[in-house]
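Okay, structure first, notes after.
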Amino acid sequence: MTGTVDRRGSNDRLRVRAGARRFGVKGPWVALGLACVLGLAACQAPGSLRPGVAATEVETRIGAPDARVKLPDGGERWQYPSSPFGVTAYMVDFDADGHLLRVTQALTTAHLVVTLKPGMTKDEVRAALGRPAMETRYARLEQDVWNWRYFDIGEINPHRELNAFFSIVTGRLLYYTMTPDPAFDGSSGGGRS
């Protein structure tokens, strides 16, 4: 007898289960993983918010901020950093009445160049960029160094690192550097092989 064999049907289920067992995946874990992915998809990113939305609605939609900073005009900035391993830091600004003014992704080359100025205090830098990924003190140099990771798609290695150097004596920004992230830069010896 000649012909084609239709391999769809109950055998597919057998193949999937065998494959799942081969990789150590159990049925309930697959369901839990799917639920997590769908749950994350339901969350909104701060960048999707529109001006005029009330602060209470923002908190309902994207959750409580990592920090709240009072702004000089009586408004408030909510910070949503993805540190220490993330590459975004959303600054969500509200007016004095609690309505959304703007959402800014602070960790972009364009924003960093415009925002960071030597002489800024640590509080000013933290208010502008959010919590750093890491803070390191170099006592002999009399410097504190804060760093953040971010992306710059225009670069050969888009994984970037911002290092802000502060004087221990004055607590003010001395200078900053924006370099390839050594964790992803194969040429620096700190990369992955």
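Read the figures in this text as sums done on the coordinates, not as results from a lab. What you are looking at is a predicted structure, and each value in this text was computed from that prediction instead of being measured. Don't worry about glycine lacking a Cβ; one is built from the backbone with ideal geometry, like all the others, and counts go over all protein chains shown.
Go through 115-124, 134-143 and give me the packing order, highest mean Cβ count within 10 Å leading.
The packing order, highest mean first, is 115-124, 134-143.
May I ask you to sort R50, R149 by Cβ crowding, counting other Cβ atoms within 10 Å and putting the fewest first?
Working: R50 7, R149 23.
Arranged by neighbour count, lowest to highest, R50, R149 become R50, R149.
First obtain the Kirkwood hydrodynamic radius of segment 107-193 from its Cα pairs, then insert it into the Stokes-Einstein equation at 37 °C and 0.692 mPa s, and state the resulting D in µm² per second as a whole number.
So the translational diffusion coefficient is about 242 µm²/s.
List the chymotrypsin sites (Phe, Trp or Tyr not before Pro) in segment 47-112 that DSSP assigns to loop (not H, G, I, E or B) and whose Cβ has at most 12 other Cβ atoms within 10 Å. Which are they?
Those satisfying the criteria are F85.
What nm distance separates the two modelled labels at A45 and L71, each placed 7 Å from Cα along Cα→Cβ?
About 2.2 nm separates the two model spin labels.
Take the alpha-carbon positions of segment 80-144, form their convex hull, and give its projected area averaged over all directions (one quarter of the hull surface) in nm².
Convex hull of Cα atoms, orientation-averaged projection: 5.4 nm².
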